[in-house]
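Trainee: Below are the C-alpha cells for one structure; questions will follow.
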C-alpha cells in the first residue's frame, strides 16, 4: 500500500469510501509527518486532539453509512488567518497571540461541517503581508525544497507559506490559503503544488482576518488539479454574513475536468514577457503554450496594456485598506495590550507599536498617508482609477479568449537569508504576475510546470473569466497531464 | 513630494503607532522610496475614468432588517485583555 501521506485528496476520498483505511489512520499518519518535519515551522499551532476527535467522528459516521461530503475524514491544514472556534488564531502577529475566536470562519466552518479534519493552523506572513513567509512573528517557514547546487534554506513563498510547505512536504492532504495579491499562487509555484485563487466573492471572507477587503479571497492549496476542484466545492458558496459574497450557482467543479480543451481560446499577454524575463521562466511559458496547443487549444496573442502599473496600484490600494482594517487592533477587545500608566491614546500607540511587526507597520503608515487629507486624490483616487483600467483590460481580453496563460512568478524560490536583505520594492516584484488578476477580481490558478536548472519548482498561471473557475480547472487538468510533474521535495527524498 | 520626519511622526499618530525618535529618519527614507515608486501612476491617463472601490460585479443584496445575532456578552468579552462586570475596561478617558 502507498504511504498514507502520499495520497492525493481524491485518492483518500476513494480509499476512505472503500474502507482501505480509516480517517483516524490517515490523521495519525499526518500528525506523525507534522512531528517529523517540525523544523520547517509550517504550523503555528497543531491541534491533534481536535483532529483525532473529528477523525473518530468521521469514522463513526461512515460506519453508519453517513458521509457528509467528499472531504469527510480528510486531514487538512488551515492557514492561521481563518478564525477557528477555540483554537488560537494569530494572523502570525504578536498582537493576536493567545486569541481564541469564539466563532468559526465560514470557509473553515464549511470544511468542518463537511467532515474535514483540522490538523493545525499554518504559518504565514504577518497579516498575510509578504511574499516569502519571513515576516511572521512566529518565525520563518522553510521550504521542503533545496537547490541542487546550494544547501541554503529556501523560502516557501508567501503569504500562505506554511500551507504551501505543509502540502508540499506531505504534512496534510490539502490546506486552505488566502490570496490578496498572489499569496496562494506564488507559494504554490515555489513549492510545486496547485493553488487556486477563486473569483472575488466566490468564497466568503467572513471570519478571515482582513488584510485588504476588496482583494482578499480564500482558496485551496492541493497536490493536484482534481483536489483543488474538490476542495473549492467545499469552501465556496454564498454567505449572507459577507456582503460581497456572490449569489451564484455552485457547480460541481470536478465535472469540469473533462480533459477536452479542443477549440479553447487561450490568451498570451505580451506584457507578461518584459525585457529581462528570466529565460527559464520564458521557456516554461512556451512549454505551457505548446501543451495547450497540442491538446487542440487555439493560442491567441493578446494585450493587457496596464499590466506594468498593477503593482504600484496594488501598493496603494492594499495598504490603504489594511490601514483601515488593522485599526481594530486597539488593545481593548482582544489581543495584546500594553499599558504603562498613560492615557487611552498612549495605550493604543504602545500596544500597536509592540504588537505589529516591521512590514505591517510600514504598510499601515503608507496606507494612512495615501488616505490622509491632501494626498487622497493624488494617490488613492488615482489608484482606484488605474484599477478600473486594469479590470477593463481583462474584460476586453475575455471578449476574445476563454482563459489566459502566464508564468506565476518571475523566478524560482530564493534563500531565506537573501530575502531578509532585499528592499521592500524588490520583494514586492515577486507578485508582478499575480497582482493584476487580484485587482481585477478574476479567478487564477498556479500549477507546477517543471523544475528550474537548480531543481526547484516553477509554476504556470491560468487566469479565467469571473465565476468561470471551471474553464481554468479544465485547462489546468490538461496541462497537469502533459507536465507529468512528479518531482518530490528534496526533504522527502532524504536529501540534504 | 518627500516625507520628512515631522510628517512620519504625524502619520504615526494618525495610525496610532508609537515611533521611536531614532526610527523616524529610516522610516522616512523607506516610505519615500515606496511613494516615489508608486508615483509612476501619474503617467497613466485616467481622464474620464470612474474610480472603483471594488471590482465585484455583484449588486449588494438586501436582507430583512431584523436582529440575527448578539446577546452573548461572555463570548464578546472572552478575549478581552481586561473586563469587569460585562464591560471592556480601558484607561480613564474623562477627567
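The values are calculated or read from the model by the stated rules, or taken from the named source; none is laboratory data. Please read all numbers here as calculations on a predicted model, not as lab measurements. Cβ atoms come from the backbone with ideal geometry, glycine included; neighbour counts cover every protein chain shown.
Trainee: Counting only residues that are touching a residue at least 12 places away in the same chain (Cβ under 8 Å) and over 22 Å from the mean Cα position of the chain (by Cα), how many does the range B:25-44 have? Lay out the reasoning, then the answer.
Mentor: Initial filter on the range B:25-44 (touching a residue at least 12 places away in the same chain (Cβ under 8 Å)): B:25, B:27-28, B:31-32, B:35.
Those left that are additionally over 22 Å from the mean Cα position of the chain (by Cα): B:25.
Residues that pass the stated criteria total 1.
Trainee: Which residue, of A:119, A:124, is in contact (Cβ under 8 Å) with a residue 12 or more places away in the chain and not in a loop (DSSP other than H, G, I, E, B)? It would help to see each step written out before you state the result.
Mentor: On the way: A:124 fails: not in a loop (DSSP other than H, G, I, E, B).
Just a single option satisfies the conditions, and that option is A:119.
Trainee: What number of residues in the range B:12-68 are within 30 Å of residue A:355 (Cβ to Cβ) and either touching a helix residue (DSSP H, G or I) at 6+ places or on another chain (Cβ under 8 Å) or in a loop (DSSP other than H, G, I, E, B) (or both)? Lay out the reasoning, then the answer.
Mentor: We begin by selecting, within the range B:12-68, every residue within 30 Å of residue A:355 (Cβ to Cβ); these are B:12-38, B:53-54.
Among the residues that remain, those that are also either touching a helix residue (DSSP H, G or I) at 6+ places or on another chain (Cβ under 8 Å) or in a loop (DSSP other than H, G, I, E, B) (or both) are: B:12-20, B:24-25, B:27-28, B:30-31, B:33-35, B:37-38, B:53-54.
Count: 22.
Trainee: Something else now. Can you pull out every residue in the range B:55-82 that is exposed (fewer than 10 other Cβ atoms within 10 Å of the Cβ) and more than 7 Å from every other protein chain (Cβ to nearest Cβ)?
Mentor: B:59, B:62, B:64, B:65, B:66, B:67, B:68, B:69, B:70, B:71, B:74
Trainee: Please work out if residue A:180 is buried (at least 23 other Cβ atoms within 10 Å of the Cβ) and out of contact with any strand residue (DSSP E or B) (no Cβ under 6 Å at 6 or more places or on another chain). Steps first, please.
Mentor: Numbers: buried (at least 23 other Cβ atoms within 10 Å of the Cβ): yes; out of contact with any strand residue (DSSP E or B) (no Cβ under 6 Å at 6 or more places or on another chain): yes.
Yes.
Matching residues to (1) modelled with pLDDT of 95 or more; (2) in a loop (DSSP other than H, G, I, E, B):
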position	(1), (2)
A:384	yes, no
A:389	yes, no
A:418	no, no
A:450	yes, no
A:453	yes, yes
A:460	yes, no
A:463	yes, no
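Trainee: A follow-up question, please. Could you tell me whether the range A:248-269 includes any residue that is surrounded by fewer than 21 Cβ atoms within 10 Å (Cβ to Cβ), at pLDDT 95 or above, within 14 Å of chain B (Cβ to nearest Cβ) and more than 15 Å from the chain's Cα centre (by Cα)?
Mentor: So far as the range A:248-269 goes, no, none of its residues is surrounded by fewer than 21 Cβ atoms within 10 Å (Cβ to Cβ), at pLDDT 95 or above, within 14 Å of chain B (Cβ to nearest Cβ) and more than 15 Å from the chain's Cα centre (by Cα).
Trainee: Filter the range A:300-314 down to residues that are over 19 Å from residue A:408 (Cβ atoms) and in contact with a helix residue (DSSP H, G or I) (Cβ under 8 Å, 6 or more places away or on another chain) and give me whichever is surrounded by the fewest Cβ atoms within 10 Å (Cβ to Cβ). Working first, answer last.
Mentor: Taking the range A:300-314 first, the residues over 19 Å from residue A:408 (Cβ atoms) are A:300-301, A:303, A:305-306, A:309, A:312-313.
Next, only the ones that are in contact with a helix residue (DSSP H, G or I) (Cβ under 8 Å, 6 or more places away or on another chain) stay: A:301, A:303, A:305-306, A:309, A:312-313.
On the way: A:301: 9, A:303: 13, A:305: 15, A:306: 21, A:309: 21, A:312: 25, A:313: 26.
Top of the filtered list is A:301.
Trainee: Sticking with this structure for a sec: So which of A:162, A:157 is assigned to a loop (DSSP other than H, G, I, E, B) and either within 30 Å of residue B:70 (Cβ to Cβ) or away from every other protein chain (no Cβ under 14 Å) (or both)? Spell out the reasoning first.
Mentor: On the way: A:162 fails: assigned to a loop (DSSP other than H, G, I, E, B).
One residue alone meets the criteria, A:157.
Trainee: Scan the range A:275-286 and give yes if some residue there is in a loop (DSSP other than H, G, I, E, B), within 30 Å of residue A:371 (Cβ to Cβ) and at pLDDT below 95, otherwise no. Lay out the reasoning, then the answer.
Mentor: First, the residues of the range A:275-286 that are in a loop (DSSP other than H, G, I, E, B): A:275-278.
Imposing the further condition that a residue be within 30 Å of residue A:371 (Cβ to Cβ) reduces the set to none.
No: zero hits.
Trainee: Residue A:107 versus (1) part of a loop (DSSP other than H, G, I, E, B); (2) in contact with a helix residue (DSSP H, G or I) (Cβ under 8 Å, 6 or more places away or on another chain); (3) surrounded by 21 or more Cβ atoms within 10 Å (Cβ to Cβ): which is the lone unmet condition?
Mentor: (1)
Trainee: Report the residue count in the range B:51-79 for those that are within 23 Å of the chain's Cα centre (by Cα) and either within 21 Å of residue A:385 (Cβ to Cβ) or in contact (Cβ under 8 Å) with a residue 24 or more places away in the chain (or both).
Mentor: Total satisfying the criteria: 6.
Trainee: May I pose another question? Any idea which of (1) more than 7 Å from chain A (Cβ to nearest Cβ); (2) more than 22 Å from the chain's Cα centre (by Cα); (3) modelled with pLDDT under 95; (4) buried (at least 16 other Cβ atoms within 10 Å of the Cβ) is the one residue B:85 doesn't satisfy?
Mentor: In the conditions (1) more than 7 Å from chain A (Cβ to nearest Cβ); (2) more than 22 Å from the chain's Cα centre (by Cα); (3) modelled with pLDDT under 95; (4) buried (at least 16 other Cβ atoms within 10 Å of the Cβ), residue B:85 misses (4) alone.
Trainee: Tally up the residues in the range B:28-54 that are over 28 Å from residue A:438 (Cα atoms) and buried (at least 17 other Cβ atoms within 10 Å of the Cβ), please. Before you say what the answer is, go through the steps one by one.
Mentor: Filtering the range B:28-54 for residues over 28 Å from residue A:438 (Cα atoms) gives B:28-29.
Still in the list and also buried (at least 17 other Cβ atoms within 10 Å of the Cβ): B:28.
Selection size over the range B:28-54: 1.
Trainee: What are the pairs with Cβ atoms under 7 angstrom where one residue, in the range A:292-307, is on the phi > 0 side of the Ramachandran plot and the other, located anywhere, is assigned to a loop (DSSP other than H, G, I, E, B) and at pLDDT 95 or above? Sequence gap at least six, or different chains.
Mentor: Close Cβ pairs (under 7 Å, with a partner that is assigned to a loop (DSSP other than H, G, I, E, B) and at pLDDT 95 or above) amount to A:296/A:261; A:296/A:262; A:296/A:263.
Trainee: Moving on to the next point. Just for the range A:127-154: of the residues that are part of a strand (DSSP E or B) and at pLDDT 95 or above, which one is surrounded by the fewest Cβ atoms within 10 Å (Cβ to Cβ)? Before the answer, list the steps.
Mentor: Going residue by residue through the range A:127-154, those that are part of a strand (DSSP E or B) are A:147, A:150, A:154.
When the remaining residues are screened for being at pLDDT 95 or above, the result is A:147, A:154.
Values: A:147: 20, A:154: 27.
Within the range A:127-154, the match that is surrounded by the fewest Cβ atoms within 10 Å (Cβ to Cβ) is A:147.
Trainee: Another one. Quickly run through the range A:324-366 and pick out the residues that are buried (at least 24 other Cβ atoms within 10 Å of the Cβ), facing chain B (nearest Cβ under 8 Å) and assigned to a helix (DSSP H, G or I).
Mentor: A:348, A:352, A:364, A:365, A:366
Trainee: Quick one: which of B:47, B:22, B:82 is free of Cβ contacts under 8 Å to residues at least 12 places away in the same chain and touching a strand residue (DSSP E or B) at 6+ places or on another chain (Cβ under 9 Å)?
Mentor: Numbers: B:47 fails: touching a strand residue (DSSP E or B) at 6+ places or on another chain (Cβ under 9 Å); B:22 fails: touching a strand residue (DSSP E or B) at 6+ places or on another chain (Cβ under 9 Å).
Selected residue: B:82, the only one of B:47, B:22, B:82 that is free of Cβ contacts under 8 Å to residues at least 12 places away in the same chain and touching a strand residue (DSSP E or B) at 6+ places or on another chain (Cβ under 9 Å).
A quick yes/no check of all residues on (1) free of Cβ contacts under 8 Å to residues at least 40 places away in the same chain; (2) farther than 17 Å from residue A:188 by Cα; (3) surrounded by fewer than 24 Cβ atoms within 10 Å (Cβ to Cβ):
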| residue | (1), (2), (3) |
| --- | --- |
| A:463 | no, no, no |
| A:475 | no, yes, no |
| A:480 | no, no, yes |
| A:485 | no, no, yes |
| A:494 | yes, yes, yes |
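Trainee: Say whether the condition of being within 14 Å of another protein chain (Cβ to nearest Cβ) and within 30 Å of residue A:435 (Cα to Cα) is met by at least one residue in the range A:108-124.
Mentor: Applying the first criterion (within 14 Å of another protein chain (Cβ to nearest Cβ)) to the range A:108-124 yields none.
No: zero hits.
Trainee: Just one of the numbered conditions (1) more than 14 Å from chain B (Cβ to nearest Cβ); (2) on the phi > 0 side of the Ramachandran plot is not true of residue A:451; which one?
Mentor: (2)
Trainee: Quick one: residue B:90 ticks every box in (1) assigned to a helix (DSSP H, G or I); (2) in contact with a helix residue (DSSP H, G or I) (Cβ under 9 Å, 6 or more places away or on another chain); (3) crowded, with 16+ Cβ neighbours inside 10 Å bar one, so which box is it?
Mentor: (1)
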